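Undergrad: If you scroll down you'll find the structure; I have some questions about it.
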Amino acid sequence: MCRIVLFGGAFNPVHREHVAIAEAAVKTLSPQKLIIIPTAVSPHKSGGLSAPAEDRLKMCSTAFAHIPCAEVSDYEISQGGISYSYLTCRHFRQLYPEAELYFLVGGDMLASFPSWKNPREILSCVRLAAAARESGDDFSAYKKAVEGQFGTKVKSVHYVGEKVSSTRVRALACLGEDISAYVLPAVGQYIKRAGLYFDGNLARAKHLEKPSRWHHSVRVAAMCAENARRASITEKDAITMGALHDASKNLPKDSPYLKDFVPPEGVPSPVMHQYSGAYVAQKFFGVTDENLLNAIRYHTSGRAGMSDAEILLYLCDMLEEGRSFPGVERLRAVFTKDMQLCMLLSLQHQVDYLRSTGGDIYPLTKQAYLYLKEKLT
């Protein structure tokens, strides 16, 4: 009997972990065909920077070319609209009625499988094959839950991946940063050559900051992008506020960028760059959205009644992976579950730190802390 593995996804762009999971599936299942199926529009991932369908198909053809049984299908793209897996599985079951069909997913998708559209129809057409996307996830629990709920057996693919997200790749590419750690060389070359995801206007911010400060801003932008939907903003807006939040921090007071900037009164030096940063973002980078400008304007101090975007930038600035201080891991753990609570605890941490060092507590920071404390406790 012919064995076929279907592997769908946005592949926007295809990264090393996609390829590694496919290689592991071939090793585990020994299929005659591995069919890679880029989505037209994914029901799970929307609102992000998107490469055209033609480019995603070409990147997939490049990335999987070394796997002899792999082929790239334009089925979902040719159908247009939202790509539902049950329709895809139905199509390939009709195309290969006698085949042993597997549908390959990562641990994150396995966890959400019960919420997919018509999951039982999917299982009537294919058997699930799943691999843990990264160490430390609850893959065994996800597998057991799906098997118990649907009375099926999920085939384990022997692979545990590293944490890589297409969102992070897009954020780095948007800012003109190196993506070679995340994509195969040929894919990286294709992205650069085609100018996919790149925003030359935002990338200009690099020249306003010291290298270490820019690396921080890039990490903040990527973290904001990965959590953009939690703040109800677009991925591009998330990258924008992350990339520009410290745009003025390394500028001298006589910089042409600050020529007409009027500093607010009574602002301590460590806080001033949030106000000048919003000014630079608006005047020199064309940011007009007040939600984004306010996120930059209050990313150091916070304020009472912050929007979700403001909270997101504050927390990503404080908790990005380059930060190291006592308690940061606890705050990161809370961040994954509850941004409001994490904001309260982060403000409390900041207030306690300033008190312990004898530093002045900026009024907006105190107001933000008291506001959230009353709201959440």
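The values are calculated or read from the model by the stated rules, or taken from the named source; none is laboratory data. Not measured: the values here are computed from a predicted model. Don't worry about glycine lacking a Cβ; one is built from the backbone with ideal geometry, like all the others, and counts go over all protein chains shown. These accessible areas exclude ligands, DNA and RNA; they are computed on the full protein's heavy atoms, side chains included. Shrake-Rupley method; radii C 1.70, N 1.55, O 1.52, S 1.80 Å.
Undergrad: Please build a GNM for the chain, connecting alpha carbons under 10 Å apart, and tell me which residue among LEU345, LEU95, LEU293 fluctuates the most.
TA: Taking springs between Cα atoms under 10 Å, the residue moving most is LEU95.
Undergrad: Relative to the longest principal axis of the chain, what angle (0 to 90°, nearest 10) does the C-alpha long axis of helix 363-376 take?
TA: Approximately 50 degrees, to the nearest 10.
Undergrad: Show the residues, 5+ positions off or on another chain, whose built amide H is closer than 5 Å to the amide H of TYR159.
TA: Placed amide hydrogens put ALA132 under 5 Å from TYR159.
Undergrad: Once both labels are modelled 7 Å past Cα along the beta-carbon direction, what's the GLU374-ASP360 spacing in nm?
TA: 2.4 nm
Undergrad: What is the distance in Å between the Cα centres of the range 35-108 and the range 305-319?
TA: 35 Å
Undergrad: Calculate, in nm to one decimal, what ASP108 and GLN94 gain on full extension: separation in residues at 0.36 nm each, minus their alpha carbon distance.
TA: On the way: separation 14, 0.36 × 14 = 5.04 nm, distance 2.77 nm.
Roughly 2.3 nm would be gained on extension.
Undergrad: Between ASN118 and GLU290, what is the spin-label point distance in nm, taking each point 7 Å from the Cα along the Cα→C-beta axis?
TA: Each label point lies 7 Å from its Cα, and together they span 4.6 nm.
Undergrad: What's the carbon and sulfur percent of the range 27-160's accessible surface, probe 1.4 angstrom, rounded to a whole number? Show your work: numbers first, answer last.
TA: Values: 3190 of 6490 Å².
Carbon-and-sulfur percentage of accessible area, whole number: 49.
Undergrad: Step through the residues of the range 229-237 one at a time and calculate ³J(HN,Hα) from phi using the Karplus curve (6.51 cos²θ - 1.76 cosθ + 1.60, θ = phi - 60°), rounding each to whole Hz and writing x for Gly and Pro.
TA: 5, 5, 9, 6, 10, 6, 4, 5, 5
Undergrad: How would the range 1-66 be classified by its alpha-carbon gyration tensor: rounded, prolate or oblate, with rounded meaning a/c under 1.5 and the a/b versus b/c comparison settling the rest? Mind dumping the intermediate values first?
TA: On the way: a/c = 2.16, a/b = 1.88, b/c = 1.15.
Judged from the Cα gyration tensor, the range 1-66 comes out prolate (a/c at least 1.5, a/b above b/c).
Undergrad: When the accessible area of the range 268-377 is computed with all protein chains present and a 1.4 Å probe, what percentage of it is carbon and sulfur? Mind showing how you got there, number by number?
TA: On the way: 2710 of 5220 Å².
The nonpolar share, carbon plus sulfur, comes to 52 percent.
Undergrad: Estimate the FRET efficiency between ASP74 and LYS283 by the formula 1/(1 + (r/R0)^6), using the beta-carbon distance for r and 35 Å for R0, to the nearest 0.05. Present the calculation step by step, with values, prior to reporting the outcome.
TA: Working: r = 45 Å, r/R0 = 1.27.
Rounded to the nearest 0.05, the efficiency is 0.20.
Undergrad: Hey, rough spin-label estimate for SER180 and GLU265, points 7 angstrom out along Cα→Cβ, what's it come to in nanometres?
TA: Going by the 7 Å Cα→Cβ label model, 5.4 nm.
Undergrad: Which of rounded, prolate or oblate describes the range 4-151 when judged by the alpha-carbon gyration tensor and an a/c cut-off of 1.5?
TA: On the way: a/c = 1.23, a/b = 1.23, b/c = 1.00.
Because its axes are fairly even, with a/c under 1.5, the range 4-151 counts as rounded.
Undergrad: In terms of solvent-accessible area of protein heavy atoms at a 1.4 angstrom probe, what is the ranking of GLU374, GLU54, highest value first? Let's see the in-between values first.
TA: On the way: GLU374 150, GLU54 115 Å².
The ranking, largest first, comes out as GLU374, GLU54.
Undergrad: Additional query: Skip the ligands, DNA and RNA, and give the accessible area per residue of the chain with a 1.4 Å probe, whole Å². Show your work: numbers first, answer last.
TA: Working: 17560 Å² over 377 residues.
Accessible surface, normalised per residue, equals 47 Å².
Undergrad: Shifting gears a bit: Rank these by accessible area, largest first, 1.4 Å probe: ASP289, ASP254, ASP55, ASP74. Write down the numbers at each step before the final one.
TA: Details: ASP289 65, ASP254 125, ASP55 25, ASP74 85 Å².
These residues rank, largest area first, as ASP254, ASP74, ASP289, ASP55.
Undergrad: Another question about this same structure. Given a 1.4 Å probe and the protein chains all in place, what does the accessible area of LYS144 round to, in Å² to the nearest 10?
TA: So the heavy atoms of LYS144 present about 150 Å² to solvent.
Undergrad: Go through LYS143/LYS163; LYS206/LYS259; LYS27/LYS153; LYS143/LYS236 and tell me which ones have a Cα-Cα distance over 31 Å in this structure.
TA: On the way: LYS143/LYS163 19 Å; LYS206/LYS259 20 Å; LYS27/LYS153 19 Å; LYS143/LYS236 34 Å.
Distance filter (> 31 Å) returns LYS143/LYS236.
Undergrad: Sticking with this structure for a sec: Quick one: which residues, 5+ away or cross-chain, put their amide H under 5 Å from the amide H of VAL72? H built at 1.01 Å from N.
TA: HN-HN under 5 Å from VAL72: ILE36.
Undergrad: In addition: Using each residue's phi in the range 109-114, evaluate 6.51 cos²θ - 1.76 cosθ + 1.60 at θ = phi - 60° and report the 3J(HN,Hα) Karplus result to the nearest Hz, with x for Gly and Pro.
TA: These are the phi-based 3J(HN,Hα) values: 6, 4, 4, 8, 3, x Hz.
Undergrad: Then there is this: In a Debye calculation with equal point scatterers on the alpha-carbon sites of the range 86-165 and no solvent, what is log10 I(q)/I(0) at q = 0.18, 0.24 Å⁻¹?
TA: -0.73, -1.13
Undergrad: Now, a different point. Can you spot the lysines whose alpha carbon is less than 16 Å from LYS210's alpha carbon? Ignore those fewer than 8 places along the same chain.
TA: LYS249, LYS253
Undergrad: Looking only at LYS366, LYS27, LYS143, which one moves most when the chain is put into a Gaussian network model with springs between Cα atoms under 10 Å?
TA: Of LYS366, LYS27, LYS143, the most mobile in the Gaussian network model is LYS27.
Undergrad: Something else now. Among all the lysines, which ones have a C-alpha under 21 Å from LYS375's C-alpha, if same-chain residues fewer than 8 places away are not counted?
TA: The qualifying lysines are LYS337, LYS366.
Undergrad: Can you give the accessible area of TRP116 in Å² (nearest 10), computed on protein heavy atoms with a 1.4 Å probe?
TA: 20 Å²
Undergrad: Just to be sure I understand: with springs between alpha-carbon atoms less than 10 Å apart, which residue in GLY358, GLY188, GLY106 has the highest mean-square fluctuation in the Gaussian network model of the chain?
TA: GLY358
Undergrad: Return one number: the angle in degrees, 0 to 90 and rounded to the nearest 10, between the long axis of the Cα atoms of helix 211-226 and the longest principal axis of the Cα atoms of the chain.
TA: 50 degrees
Undergrad: Give the long-range amide H neighbours of VAL105: residues separated by 5 or more places, or on another chain, with amide H under 5 Å away, using H modelled in the peptide plane at 1.01 Å from N.
TA: For VAL105, the qualifying residues are ALA129, ALA130, ALA131.
Undergrad: Students often get this wrong, so try it: which of (i) 17.6; (ii) 18.9; (iii) 20.4 is mean projected area of the Cα convex hull in nm² as calculated from the structure shown?
TA: Correct label is (iii).
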